1. I need the semi-axes of the equivalent ellipsoid of the stretch 192-306: take the C-alpha gyration tensor, multiply each eigenvalue by 5, square-root it, list largest first in whole angstrom.
2. Which helices, taking whole DSSP H runs in the chain, have alpha carbons extending 15 angstrom or more along the helix axis plus mean Kyte-Doolittle at least -1.0?
3. Quick one: net charge of residue 107's neighbours, Cβ under 13 Å, K/R +1, D/E -1?
4. Can you order the peptides 224-235, 63-74 by their average number of other Cβ atoms within 10 Å per residue, highest first?
5. How big is the stretch 267-363 by Rg and Dmax over its Cα atoms, in Å?
6. Can you pull the one-decimal nm distance between simple spin-label points at residue 184 and residue 77, each 7 Å off the Cα toward Cβ?
7. Once the Cβ-Cβ distance between residue 140 and residue 292 is put in as r, and R0 is 45 Å, what FRET efficiency do you end up with, to the nearest 0.05?
8. Express in % the proportion of alpha carbon pairs of the stretch 76-220 at distances exceeding 21 Å.
Amino acid sequence: MLAGQGAIRTAFPLALVVALAACTAGPSMSPTSSSSPSPDAGGDDCAGRAVPSFVAESGFSGANALGHVIRIVCDFDTNPAGVRDRAPGTPGREAVATYLGDVLAGYGWRVSRQDFSGLEYLDLDKGSVASFIDAESCSTADRERLRSLTFSNVVAERGTGRDLWVLMAHYEAKAEASSDPDPANRTRPVPGANDGASGVAVWLEAARLLSERSTATLRILLVDGEDGFEDCHPLAGSLFHAVMMGGPERSRIRGVYLLDMVGDPQPGFCYGHNAPGLRDAVAGSAAALGVTALAEAPDCRVVDDHTAFTDLGVPALDLIDFRGGRYPPYWHTLQDVPSTLSAEMLADVGRVMMRTLERLTAS
């Protein structure tokens with residue numbers, strides 16, 4: 001590891017500079033009510049959308065979460081209503097990282113950035129992920145490009161307790177739509193509404209509601225570089241964060257909760273985990289709230305951002321749409337757009353996770 005690299009640094013102002021500062025906007029423009037093409041429009045899904053507004057509801061708002069998905073996927077700044085390219089190292093990725101930090105700081109969280117290079121990633125002890133990389137094609141040219149690539153995790157905390165709960169999702173999106181049915185689309189960036197933005201959006205809305213915990217510290221970890229399985233950097237952000245934490249800090253972690261692809265209206269959820277107690281806590285909350293998609297989700301084996309933590313013996317759970325080893329049909333295509341998602345499902349996942357955390361951190 002290069003000396004002096006990879007440290008977490010403060011990078012965001014404590015005042016939220018975007019329009020959702022304290023969620024005190026007037027009547028909400030529901031994200032689902034904006035003019036939006038059908039999913040068949042693929043990369044044009046952002047066209048005609050208005051910038052979402054947010055409301056200060058007392059409970060978890062699926063509309064707010066969907067609004068965050070739209071703000072992550074759609075570029076309202078430099079390419080009005082176009083889909084961002086938010087692959088690692090791109091201006092779009094950096095714009096989203098800034099947005100996430102501003103939102104979290106505006107909700108009163110302590111926000112920092114963890115920046116690192118591809119060279120530092122290459123130097124990591126990757127545990128079980130190393131064998132997966134070896135099984136993939138990773139040319140000399142790809143490795144040379146990776147050396148100078150930059151990554152950035154967004155980290156936010158509340159609370160001062162010794163017990164640490166990590167709430168994780170990845171916010172970047174795949175550089176190329178390699179699974180798109182139209183070969184002409186396979187070099188275009190994936191919108192990544194479900195694959196990345198949905199889990200991030202749930203944690204952003206939860207951050208609005210989660211109160212200071214005197215007995216625990218909550219860490220929202222939004223990682224970069226997860227979708228790099230064809231680019232020699234799979235799970236880059238989570239691997240770097242887990243390894244750089246070191247043993248003493250990792251020993252504080254009571255659980256890692258990862259959300260990945262959680263916004264489909266008819267999901268095939270499953271649980272990847274190394275700690276049955278984490279699964280039971282979520283499934284129990286889901287059963288109490290009547291959220292069948294989570295209450296009855298089976299276990300599964302999957303390599304994802306939780307893997308870096310499970311390799312190190314840290315209790316971790318991955319809630320992912322991967323039942324039966326199948327991803328949603330629009331996975332890694334131009335159809336992974338906001339209009340494919342359900343505000344109701346985002347709300348269901350959010351309510352379940354809120355109840356789970358409230359029960360765990362109260363004990």
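1. On the way: eigenvalues 100, 80, 46 Å².
After diagonalising the Cα gyration tensor, the semi-axes are 22, 20, 15 Å.
2. Details: long enough: 62-73 (16 Å, 1.07); 91-106 (22 Å, 0.32); 199-209 (16 Å, 1.10); 236-250 (22 Å, 0.23); 276-289 (20 Å, 0.69); 343-362 (28 Å, 0.25).
Those that pass (Cα extent of 15 Å or more, hydropathy at least -1.0) are 62-73, 91-106, 199-209, 236-250, 276-289, 343-362.
3. On the way: positive: 110, 158, 208; negative: 102, 157, 205, 212.
Around residue 107, the surrounding residues sum to -1.
4. Details: 224-235: 24.3, 63-74: 27.2.
Put in order of decreasing packing, that is 63-74, 224-235.
5. 14.0, 44
6. 3.1
7. Values: r = 49 Å, r/R0 = 1.09.
After rounding to 0.05, the efficiency reads 0.35.
8. Working: 5704 of 10440 pairs.
For the stretch 76-220, the fraction of Cα-Cα distances above 21 Å is 55 percent.
Read-outs: derived from the displayed coordinates by stated rules, not from any lab. These figures come from a predicted structure and were not determined experimentally. Counting neighbours? That spans all protein chains shown, and the Cβs are built from the backbone with ideal geometry, glycine included.
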